[in-house]
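The values are calculated or read from the model by the stated rules, or taken from the named source; none is laboratory data. Keep in mind that what you see is a predicted model, and the values were worked out from it rather than measured. Neighbour counts are summed over all protein chains in view; Cβ atoms, including those assigned to glycine, are modelled from backbone coordinates with ideal geometry.
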Amino acid sequence: MAGMLYLVPTPIGNLRDISIRCRETLEQADFIAAEDTRVTLKLLNHLGIKKSLVSYYEHNKASKGNMILDRILAGETCALVSDAGSPAISDPGEDLVKQCAEAGVTVCAIPGPCAVITALSISGQSTGRFCFEGFLSTAKKSRREHLESLIGETRTMVFYEAPHKLLSTLEDMAAAFGSDRSISLCRELTKLHEEVVRTTLGEAIEKYTAQPPKGEFVLVLAGAPERPIETATADDAAAHVRALMDSGISRKDAIKQTAKELDLPKNVVYDAALQMDKE
Ligand code: SAM
């Protein structure tokens, strides 16, 4: 019978955040696949667990992934850990999960520490709808392109960032979203110097220019304000669609053209056209 893959989250700072279930899974697994075996060994020593470790990280994941999968298919249970937080979230693991899923191996994710969720919940930003954007590229051009693709994003956006890149990222964000946009900078979460700075992009730039940033950061950026769809806009859209249809354009094309010409979302024009039919 095939074994299983467990995804075991580990503390992002405070070692007491390891759960009973994570501890038991690490104890009971046949082997542990770790992003950095030295980091994991420290955790295992702290927990008093002795277990065989194999390394699984970005640059060996293709060969090690096959080896780990073979061992699981032969009946062993593997616990995958990263250096901190949830494996597979901006950390090695995504490919191993895909490989196991494709081979019909059961994958079990144990809930636990994860920087994106910890930051979002403490940020004070809207949490109902959010998107996780991971790390921005270190290359200026692709970082800017990434940010520009988010200009119309109305959901709260969450980014991981390293301290030495923080200032240039904040500057690029201010260029894309405006310096008044609200942001929560969540630093050293669960650690002694945990800090959440709830401010604007402009003020964050001033703060970290005066005082260079230290530690690990998650940036939680407010989304763009939802554009209120005023009745007048809906009426304009309906009138525009009607005029185009009267000139012989099909309803579908009239909706498409109106959305483009009045710079409105297609669903708004579609709803306005529906309303027009009812009246
Ligand atoms: N898989 C991990 C998780 O689920 O939390 C994330 C790993 S990613 C390689 C590391 C990034 O997570 C850091 O650069 C930082 O942006 C964020 N991070 C991790 N621990 C943090 C902490 N204690 N406080 C703030 N950010 C943290």
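Does H240 count as at pLDDT 90 or above and either in a helix (DSSP H, G or I) or out of contact with any strand residue (DSSP E or B) (no Cβ under 9 Å at 6 or more places or on another chain) (or both)?
yes
What pairs can you find where one residue is in segment 259-279 and in contact (Cβ under 8 Å) with a residue 40 or more places away in the chain, the other is surrounded by 15 or more Cβ atoms within 10 Å (Cβ to Cβ), and their Cβ atoms are less than 9 Å apart, with a gap of 6+ or different chains?
Q275/A234; Q275/A238
Please tell me if K266 is modelled with pLDDT of 85 or more and outside the structural domain of N14 (by TED's automatic domain parsing).
No.
Looking at T118 and the list (1) in contact (Cβ under 8 Å) with a residue 12 or more places away in the chain; (2) more than 28 Å from E24 (Cβ to Cβ), which single condition is not satisfied?
T118 satisfies every listed condition except (2).
Run down A176, A162 and say which single residue is small (G, A, S), closer than 19 Å to F130 by Cα and at pLDDT 95 or above.
A176
Is it the case that some residue within segment 64-72 is touching a Pro at 6+ places or on another chain (Cβ under 7 Å) and in the same structural domain as C108 (by TED's automatic domain parsing)?
No, that holds for no residue.
Quick one: in segment 108-126, which of the residues that are more than 7 Å from the ligand (Cβ to nearest atom) and in a loop (DSSP other than H, G, I, E, B) is surrounded by the fewest Cβ atoms within 10 Å (Cβ to Cβ)?
P111
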